[in-house]
1. Output the number of residues of the stretch 32-49 satisfying the condition of being open to solvent by 40 Å² or more (accessible area, probe 1.4 Å), in contact (Cβ under 8 Å) with a residue 40 or more places away in the chain and in contact with a helix residue (DSSP H, G or I) (Cβ under 7 Å, 6 or more places away or on another chain).
2. Could you please let me know if LEU58 is hydrophobic (A, V, I, L, M, F, W, C), open to solvent by less than 30 Å² (accessible area, probe 1.4 Å) and either on the phi > 0 side of the Ramachandran plot or not in a helix (DSSP H, G or I) (or both)?
Amino acid sequence: MNTSIANTDHQPGQNAVFPVAPAAHAAQADTVGTRIWIEEFNLLETLYNDASNCSPKLRYPDLISACVSVVFDDPEPAIRVFGFLHTQLVLRNQETARRQEAMWRLQYQQLLTLQKSDLNRHPHPQFKLDHFTTCCVALAMQAKDAKMRIFEHARRNIAVRAAAHY
């Protein structure tokens with residue numbers, strides 16, 4: 001005779017379903033790692049710590065992606081980006097420290113299109129993702145009403161991503 005008694009009491013955390021885990025995993029899959037030069041990261045850090053960055057607090061992937069959106073919202077983003085890369089970023093110390101960050105996939109795709117363009121092929125210099133990311137932050141921060149535009153684009157990007165999931 002089996003004298004063991006099955007435990008039917010619910011134990012907290014045992015066999016629990018956590019809906020946050022798949023969402024967190026999906027968010028990681030929707031982001032792409034990038035690097036950003038320290039000077040531009042410091043600009044982002046100022047935005048991150050700004051009193052206006054609240055409710056919801058925008059994180060670095062939101063801010064970086066918003067900078068890309070600001071640049072691509074303006075007419076002829078490729079001309080602006082390659083103009084900056086060829087005239088300003090190329091003159092900086094290429095050994096500058098970089099910070100590892102992430103950006104949202106949609107804005108990464110926009111930068112990937114530039115990276116694969118004819119302006120990034122022989123005989124032109126070959127720029128990498130960190131150059132494009134850094135460039136977009138620098139250009140966005142130069143924009144009139146930069147802080148307001150970046151926060152606005154970050155919130156719009158959040159809404160677009162959310163609409164795709166609901």
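The values are calculated or read from the model by the stated rules, or taken from the named source; none is laboratory data. Just so we're clear, the structure is a prediction, and the values are computed from it rather than from any experiment. Here Cβ is always computed from backbone atoms with ideal geometry, including for glycine, and neighbour counts include all displayed protein chains. Accessible surface is based on the protein model in full, side chains and every heavy atom, while ligands, DNA and RNA are left aside. Shrake-Rupley method; radii C 1.70, N 1.55, O 1.52, S 1.80 Å.
1. Here is the first cut: in the stretch 32-49, the residues open to solvent by 40 Å² or more (accessible area, probe 1.4 Å) are 33, 35, 38-39, 42-43, 45-46, 48-49.
Applying the additional criterion that residues be in contact (Cβ under 8 Å) with a residue 40 or more places away in the chain yields 33, 35, 38-39, 43.
After this cut, where a residue has to be in contact with a helix residue (DSSP H, G or I) (Cβ under 7 Å, 6 or more places away or on another chain) as well, the list is 35, 43.
Residues meeting the conditions: 2.
2. Working: hydrophobic (A, V, I, L, M, F, W, C): yes; open to solvent by less than 30 Å² (accessible area, probe 1.4 Å): yes; either on the phi > 0 side of the Ramachandran plot or not in a helix (DSSP H, G or I) (or both): yes.
In short, yes.
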